[in-house]
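Asks: Below you'll find the structure I mean.
The values are calculated or read from the model by the stated rules, or taken from the named source; none is laboratory data. All figures in this text were calculated on a predicted structure; none of them were measured in a lab. Please note: Cβ atoms are built from the backbone with ideal geometry, for glycine as well, and neighbour counts cover all protein chains shown.
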Amino acid sequence: MSRENALRRALDEFDSGRFKATLAKRIAIPTESQNPDRRADLAAYLHDNLLPAFKAMGFETRVAEHPAAKAPFLIAQRIEDPARPTILGYGHGDVIRGFDGQWRDGLSPWQLTERDGRWYGRGVVDNKGQHSINMEAQRAVIEARGRLGFNAKWIIEMEEEIGSPGIGQVAAAFRDDLKGDIFLASDGPRPVASRPALVLGARGAQLIDLVIEAREGGHHSGNWGGLLSNPGIQLAHAIACLVGPKGEIRVPALVPQGGIPANVRAALADITLEPSPGDPEIDPDWGEPGFTPVERVFGWCSFEVLAYETGNPKTPVNAVPPRAFARCQLRSVVGIDQKAVIPAIRAHLDRHGFHMVQVSDGRENYFPPTRLDLDHAAVRFIANSLAKSSGKKPVLLPNAGGSIPNHIFCDDLGMKTIWLPHSYPGCSQHAPNEHVPVALFREAMALMTGLYWDLGEASRADLGI
């Protein structure tokens, strides 16, 4: 009964091909949540595959339905001692559309294929492979120790790729089944492929619609040009009032007033962006001046214009348009009050004379920003465990650049949230040829097994809970 024995068990499962065979069965289920014809496959993934796997590990399981959800959820728990720490795991079994026929010759989205040191298949990293690694790591610890040493809970959803519309209501309805001390999950890529990573939250995302309704119908530009206000021109100037020519945000309420915290800045200084083949070249002068590219995407806010329309773009006519519309987006970090964003934009535009611009939320369900304190004891404990297993200094990412429903677990359920990604930026998730280097997955198996073993020996004080 030792950490090394647990690692050997997990790596033997990997090296023998048994883990690959398990994952292949999961990849073969076409769980496209964006395809209404796959509803039965979404349920089958939980009922026929994951549920038996959790039961074999000694978990109590249930498949939960909720009126707000478009697909079922699996909830599992293994309570060994209520006095011990409780760890909640997460994964999603749904995948983006497979794009059959667009993959390289000999590859299929629904068949796990090894080629040139990589595993290919839809969901291999997003997210079937990642939660499968964590499940197998827990199984190796149970077999080696006879128990985990902590209480384990899981939630697996089947609607992440359509925006997780029901996860908030499901979490509220099954709060007692999900409540824990630490949320520990794997999704997305490592920022640096060669190093383990801890991601402590996510940037928020908020859609903002700007509209000018000047009048009914367009009017001939020869007869009326110079006499009628042009909404397209007005809206362009209104946007320029909100954000500068290099993307710098000009509304104080849309950026953190204290700047980037010192510990966040120090963590980001340890990260170098690693472009993948096909990535666009970074514009060095774009964004908030005085910040590095890493700080701009992980430590600061960005304001984007996602769509802009005035007149008839496909078939322009000689008329002053009656209307202009822009859908914008604020990606925000901790320190931004999202409820204050629309009023702040409204007041800013009014001060600059743009009373004609209507400002509204582009969509009701937005993601608030989250970030666990980088100096929290649980962060130090997990980072030390990863370093022990890998011999590498882990990357500490204060928050992901994108947005995920991390607030459900952080704010609503009150847990410390830490993500441990088992992928890399060039994995082609959401595109044909989704893949992962086999060596990265093997390392991830060792990392998670070692971590779960260490958590089984940790006190609540060790984890700061």
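Asks: So residue 341 fits all but one of (1) buried (at least 20 other Cβ atoms within 10 Å of the Cβ); (2) more than 27 Å from the chain's Cα centre (by Cα); what number is the exception?
Replies: Every condition holds for residue 341 apart from (2).
Asks: Got a sec? Which of 80, 114 is acidic (Asp, Glu), more than 23 Å from the chain's Cα centre (by Cα) and not in a loop (DSSP other than H, G, I, E, B)?
Replies: 114
Asks: Same structure, new question: Would you confirm whether any residue within segment 22-43 is part of a helix (DSSP H, G or I), closer than 16 Å to residue 129 by Cβ and of a type in the set (Lys, Arg)?
Replies: Within segment 22-43, one or more residues are part of a helix (DSSP H, G or I), closer than 16 Å to residue 129 by Cβ and of a type in the set (Lys, Arg).
Asks: Please indicate, with yes or no, whether at least one residue in segment 73-85 is out of contact with any Asp or Glu (no Cβ under 7 Å at 6 or more places or on another chain), free of Cβ contacts under 8 Å to residues at least 24 places away in the same chain and either outside the structural domain of residue 405 (by TED's automatic domain parsing) or among the acidic types (Asp, Glu) (or both).
Replies: Within segment 73-85, not a single residue is out of contact with any Asp or Glu (no Cβ under 7 Å at 6 or more places or on another chain), free of Cβ contacts under 8 Å to residues at least 24 places away in the same chain and either outside the structural domain of residue 405 (by TED's automatic domain parsing) or among the acidic types (Asp, Glu) (or both).
Asks: I'd like the full set of residues that are closer than 21 Å to residue 44 by Cα, part of a helix (DSSP H, G or I) and of a type in the set (Gly, Ala, Ser), limited to segment 128-172.
Replies: Selection gives 129, 132.
Asks: Taking residue 297 as the residue in question, decide whether it is touching a strand residue (DSSP E or B) at 6+ places or on another chain (Cβ under 9 Å) and under 27 Å from residue 213 (Cα atoms).
Replies: The answer is no for residue 297.
Asks: Additional query: Test residue 423 against the stated conditions and say whether it is surrounded by 21 or more Cβ atoms within 10 Å (Cβ to Cβ), at pLDDT 95 or above and in a loop (DSSP other than H, G, I, E, B).
Replies: Spelling it out, residue 423 is indeed surrounded by 21 or more Cβ atoms within 10 Å (Cβ to Cβ), at pLDDT 95 or above and in a loop (DSSP other than H, G, I, E, B).
Asks: Of everything in segment 307-334, what is without any contact (Cβ under 8 Å) to a residue 24 or more places away in the chain and either under 21 Å from residue 210 (Cβ atoms) or of a type in the set (S, T, N, Q) (or both)? Give them in sequence order.
Replies: Within segment 307-334, 307, 309, 312, 313, 315 qualify.
Asks: Name every residue in segment 262-310 that is in a helix (DSSP H, G or I), within 23 Å of residue 424 (Cα to Cα) and aliphatic (A, V, I, L, M), in order of residue number.
Replies: Correct list: 264, 266, 267, 268, 294, 297.
Asks: In segment 322-365, which residues are over 30 Å from residue 221 (Cα atoms) and part of a strand (DSSP E or B)?
Replies: Selection gives 329, 330, 331, 332, 361.
Asks: So how many residues does segment 291-328 have that are over 16 Å from residue 357 (Cα atoms) and among the charged types (D, E, K, R)?
Replies: Matching residues across segment 291-328 total 4.
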